[in-house]
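What follows is a set of notes on a single structure, which appears directly below.
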Amino acid sequence: MSFNTGLSGLRAATSDLNVTGNNIANASTTGFKQSRAEFGDVFATSLTGGGGSINIGGGVRLQQVAQQFTQGNITLTQRDFDVAIDGRGFFILNHDGERAYTRSGIFGVDKDGYVVSNSGGHLVGYAATPSGQVDLGNEVDLRIQNFQLQANQTSRLRMAFNLDASSQAVDGARFPTFDPADQNTFNYASSATVYDSEGVPHVATTYFRKDQPDSAIETGVNNDWFMWIAIDGALINGGNPANSTASPLDPNGDHSAFTVRFDVNGKLDPATNRFVIDDWVPARQIQSQFGSNAEPLGPLGGAATPTYNGTVDEGTSDFLIDITGSTQYGDEFNVASVNQNGFAPGQLVGTTISENGVLFARYTNGQSQILGQILLADFQNVQGLTPIGNTEWAESFDSGQPARGVATSGVLGSLQAGALEESNVDISEELVSLIIAQRNFQANAKTIETNNAITQTVINIRS
């Protein structure tokens, strides 16, 4: 019996040495989790046996190798597809229909554009819709398909500005006709860049002229400004907003403009805050006017008929101009904001991953596009996961089924792009464990040696 006891001790010490050696070997393995050999004593008992005080143990046996899923240190790498999980959760990998789970966030892109691990597993996440939103009901293998971003024609130009209430109106008698080349015919001008369907940039210039009411033509007009928009020097003729009236700038109606109307408090009249230019074509001369409670003007120079619903249909070249938020205060003219939704074509230059796992593609034209969102999994009993190599684990009966979600939701941790989670192995601790395992091995070997000596003595006595 004593030989078996010593032999079990040797086996246990060997297992301990193997586990410790494996930990040391993977001290630099990204996402690796330290293991610990756990042992239990062995007793030979029977249902009819005597009291427990006279039972002699029969040695030791390995009960399990438990993995320690504590957080590893996070190291910055500055590589786009390196991702670290800070907190609970596992990346989900698809190996030809078989799911695996890992803490190693070393990813790349294969020849087909799929985001893959070093073992070839496809990273699983939520797909993105054509409109650039994350589809939380559609799990897919994340893939980069848009290495080139097509040009997008400007269909919306938003501006917010302040027109100085103390500005003097332009003398309509001296300067009855607006001329963008003559600064005497307008008060202020501001420019922005817009794009046509081929991504070619154009300069859109907005001109403002303070109205000088003429009782013979206009009555009850207060705080009105005329506005023109020219693209590459060609005046735009477009639509009026709903419930608007256009009035000529002079009795002969030589030029028409959009009228921007403010109330006595300097607030913009909602009836004059947005309008749609129908089917904008580069270099086409268009010129229009809008005011309060009126009908639209007829087109000049062959311009298309305007629409009044304040919306732009996707896939058309309708051009929405929105000046919501503009004011007329007693302060100098300034443009608070200008933004538009057009852009030139671009090439993929990199990716960005947010802390909640949204994957963005970055392009040379300064645009970004959502490609999807990384999905994480968590388990009720992570100790029950089955290690399958390549720093990956498989679901088991003991682990339970995975609970999936995005980073930062529920108990799931956050993601840090351009970083990796190091192994959680403590080398100094493992070296101490190695010494202890070696000592245990030697001690158990001594037990066998001693038992062998005793046995030999007994044999010699009998002989």
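Of the residues Thr391, Thr352, Thr408, the single one that is closer than 20 Å to Ile74 by Cα and in contact with an Asp or Glu (Cβ under 7 Å, 6 or more places away or on another chain) is Thr408. From (1) surrounded by 12 or more Cβ atoms within 10 Å (Cβ to Cβ); (2) closer than 18 Å to Ser2 by Cβ; (3) of a type outside the set (A, V, I, L, M, F, W, C), pick out the condition that doesn't hold for Glu429. Exception for Glu429: condition (2). Screening segment 335-374 for residues that are closer than 14 Å to Leu415 by Cα and hydroxyl-bearing (Ser, Thr, Tyr) and picking the one that is surrounded by the most Cβ atoms within 10 Å (Cβ to Cβ) gives Ser354. Ala445 - would you say it is surrounded by fewer than 18 Cβ atoms within 10 Å (Cβ to Cβ) and not assigned by TED's automatic domain parsing to the domain that holds Ala13? Against the criterion (surrounded by fewer than 18 Cβ atoms within 10 Å (Cβ to Cβ) and not assigned by TED's automatic domain parsing to the domain that holds Ala13), Ala445 does not qualify. Counted as qualifying within segment 191-285 are the strands (runs of 3 or more DSSP E) with 2 or more residues that are at pLDDT 80 or above, namely 201-210, 224-231, 258-261. Pairs, please: C-beta under 8 Å, at least 6 apart or cross-chain, first residue more than 21 Å from Val382 (Cα to Cα) and assigned by TED's automatic domain parsing to the domain that holds Ala100 and in segment 72-90, second among the polar types (S, T, N, Q) and outside any loop (DSSP other than H, G, I, E, B)? Pairs that qualify, where the first residue is more than 21 Å from Val382 (Cα to Cα) and assigned by TED's automatic domain parsing to the domain that holds Ala100 and the partner is among the polar types (S, T, N, Q) and outside any loop (DSSP other than H, G, I, E, B), are Asp80/Thr351; Asp80/Thr352; Phe81/Thr351.
Kindly check whether there is at least one residue in segment 73-89 that is more than 20 Å from the chain's Cα centre (by Cα), surrounded by fewer than 18 Cβ atoms within 10 Å (Cβ to Cβ) and within 26 Å of Ala437 (Cβ to Cβ). Yes, segment 73-89 contains at least one residue that is more than 20 Å from the chain's Cα centre (by Cα), surrounded by fewer than 18 Cβ atoms within 10 Å (Cβ to Cβ) and within 26 Å of Ala437 (Cβ to Cβ). Here Ala377 passes the criteria (1) outside any helix (DSSP H, G or I); (2) over 30 Å from Glu98 (Cβ atoms) except the one numbered (2). Taking the criterion of being assigned to a helix (DSSP H, G or I), at pLDDT below 85 and aliphatic (A, V, I, L, M), the only residue of segment 8-55 that qualifies is Ile54.
The values are calculated or read from the model by the stated rules, or taken from the named source; none is laboratory data. Here the structure is a predicted model, which is why all the values come from computation and not from measurement. All Cβ positions, even for glycine, are placed from backbone atoms using ideal geometry, and neighbour counts span all protein chains on display.
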